[in-house]
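To start, the structure itself, in structure tokens.
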Ligand code: F6P
């Protein structure tokens, strides 16, 4: 069995301010997570010479991966966070106040709701297909450093969770979800690296 490690980027300045999307750098706490993650990965995958680190093309995942030494890093646009379109950079409060209809439609059907000029969860799930194919093809461990919505979809695929649950799955910051694919099925462990 070979592990796939899933994690969100370390806390970003937008996470601190409650702003969605964007392409911001990490907070001090996020930087600490990046170092702890590097430690964890270097120990966990020490003798795994073919392992690789996959990130999105957004700064916060690339910076989170940067302290990890000894493995190749690959950037995937398909691992970028859900595109919030006209709502990019807003807080949920601001959306509720300034675009109440959008807010309500998303609340009613978060899976299918598409942000104006942006994406829906279904769009994200679709664009992840090539990533999933490549993840399945890999024989070596992969560390995927991505974002909340994307990791919900990836996790649901491996953990065999129903489509309608995807937008609501909990994928907290600063936590590694390790998935082991063995003959007996999928096993999961979670490592919370910060309190
Ligand atoms: O708040 C962090 C974040 O990654 C945003 O960039 C993104 O829009 C959001 O989470 C996705 O989560 P939800 O679908 O619950 O809004």
Residue satisfying all of: in segment 158-177; crowded, with 18+ Cβ neighbours inside 10 Å and more than 15 Å from the ligand (Cβ to nearest atom); modelled with the lowest pLDDT among these: 158
Of all residues making up segment 105-117, the number that are near the ligand (Cβ under 10 Å from one of its atoms) and either part of a helix (DSSP H, G or I) or free of Cβ contacts under 8 Å to residues at least 12 places away in the same chain (or both): 2
Qualifying residue in segment 127-139 (condition: surrounded by fewer than 15 Cβ atoms within 10 Å (Cβ to Cβ) and in contact with a helix residue (DSSP H, G or I) (Cβ under 8 Å, 6 or more places away or on another chain)): yes
Segment 118-141, subset within 16 Å of the ligand (Cβ to nearest atom) and outside any helix (DSSP H, G or I), residue farthest from residue 102 (Cα to Cα): 128
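Quickly run through segment 33-49 and pick out the residues that are over 18 Å from the mean Cα position of the chain (by Cα) and under 14 Å from residue 175 (Cα atoms).
Step one: list which residues in segment 33-49 are over 18 Å from the mean Cα position of the chain (by Cα), which gives 39, 42-49.
Residue satisfying the conditions is 39 alone.
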Verdict on residue 122 being closer than 15 Å to residue 20 by Cα, under 17 Å from the mean Cα position of the chain (by Cα), modelled with pLDDT of 95 or more and surrounded by fewer than 19 Cβ atoms within 10 Å (Cβ to Cβ): no
Leading residue by the ranking (farthest from the ligand (Cβ to nearest atom)) among those in segment 178-194 that are free of Cβ contacts under 8 Å to residues at least 60 places away in the same chain and in contact with a helix residue (DSSP H, G or I) (Cβ under 7 Å, 6 or more places away or on another chain): 186
Among (1) assigned to a helix (DSSP H, G or I); (2) under 22 Å from residue 186 (Cβ atoms); (3) within 16 Å of the ligand (Cβ to nearest atom), the one test that residue 144 misses: (1)
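The values are calculated or read from the model by the stated rules, or taken from the named source; none is laboratory data. What you are looking at is a predicted structure, and each value in this text was computed from that prediction instead of being measured. FYI the Cβ positions are ideal-geometry reconstructions off the backbone, even for glycines, and counts take in every protein chain you see.
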